[in-house]
Amino acid sequence: MSRAVKVLCVAPDRAQLVALKQDVVAADWELSPGATDLRGALDQLDVERPHAMVVFGPFEELVALTSDRFPGMRIVTDREMPGSSVVVEKGSDARAALRAQPRPGGPVGSG
């Protein structure tokens, strides 16, 4: 049984988080519940162990902490931040950026 690639989405409020998750969702991965603050995001990093993170909003501390703790993690952001892997303008661009990354531990699912 293959392990699904997990993605954590982070946005400043619930409405923006829901919109971001709708933009990012794809059959290629599983979305974690998502977070709207630093503590919630850090908790999900520990519990969910996502392979990638999409961060829209002013979360510079989160991105820096995450890139230090998990140097191989793909971090997609909507603005330049230390530790960001790629910067995109909108959520649908984040989906494409996630697709461009190699899958952790080799192929997941059929391919």
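Mind checking the full-extension length gain between Asp46 and Glu30? Use 0.36 nm per residue of separation minus the Cα-Cα distance, one decimal, nm. It would help to have the intermediate numbers written out before the result.
Working: separation 16, 0.36 × 16 = 5.76 nm, distance 1.62 nm.
Residue separation times 0.36 nm, minus the Cα-Cα distance, leaves 4.1 nm.
Pick from Asp43, Asp23, Asp78 the residue whose mean-square fluctuation is largest in a GNM of the chain, springs joining Cα atoms under 10 Å.
Taking springs between Cα atoms under 10 Å, the residue moving most is Asp43.
Within the chain, what is the longest stretch that has no GluC sites (Glu not before Pro) placed in a DSSP loop and near at most 10 other beta-carbon atoms within 10 Å? Present the calculation step by step, with values, prior to reporting the outcome.
On the way: sites that count: Glu80, Glu89.
Here the longest segment lacking exposed loop sites spans 1-79.
Run lengths n ≥ 4 of DSSP H only: what is the helix-derived mean residue ellipticity at 222 nm for the chain, with -39500 (n - 2.57) per run over all residues, to the nearest 500?
Working: 4 runs with 41 residues, N = 111.
Only helices count here, giving -11000 deg cm²/dmol.
Please give the contour-minus-distance gain from Arg39 to Val18: 0.36 nm per residue of separation, less the Cα-Cα distance, rounded to one decimal in nm. Numbers along the way, then the final one.
Values: separation 21, 0.36 × 21 = 7.56 nm, distance 1.83 nm.
Gain on stretching Arg39 to Val18: 5.7 nm.
Pick from Arg95, Arg74, Arg14: which is most flexible by mean-square fluctuation in a GNM of the chain where alpha carbon atoms under 10 Å apart are linked?
Ranking Arg95, Arg74, Arg14 by mean-square fluctuation puts Arg14 first.
Which entry in (1) 47, 29, 27; (2) 36, 27, 23; (3) 81, 20, 17 is this structure's computed Cα extents along the principal axes in Å?
Answer label, from the structure shown: (2).
Kindly give Rg over Rh for the range 9-61, based on alpha-carbon atoms, with the Kirkwood expression for the hydrodynamic radius.
On the Cα set of the range 9-61, Rg over Rh gives 0.93.
Quick check: net charge around Leu62, other residues with Cβ under 12 Å of its Cβ, Lys/Arg +1 and Asp/Glu -1? Display every interim value, and only then the final one.
Working: positive: Arg39, Arg69; negative: Asp37, Asp43, Glu60, Glu61, Asp68.
Every neighbour counted, the sum reads -3.
Throughout, read-outs are computed from the coordinates displayed, never taken from laboratory work. Computed from a predicted structure; not experimentally measured. Positions of Cβ are generated from backbone atoms using ideal geometry, with glycine treated the same way; all protein chains shown enter the neighbour counts.
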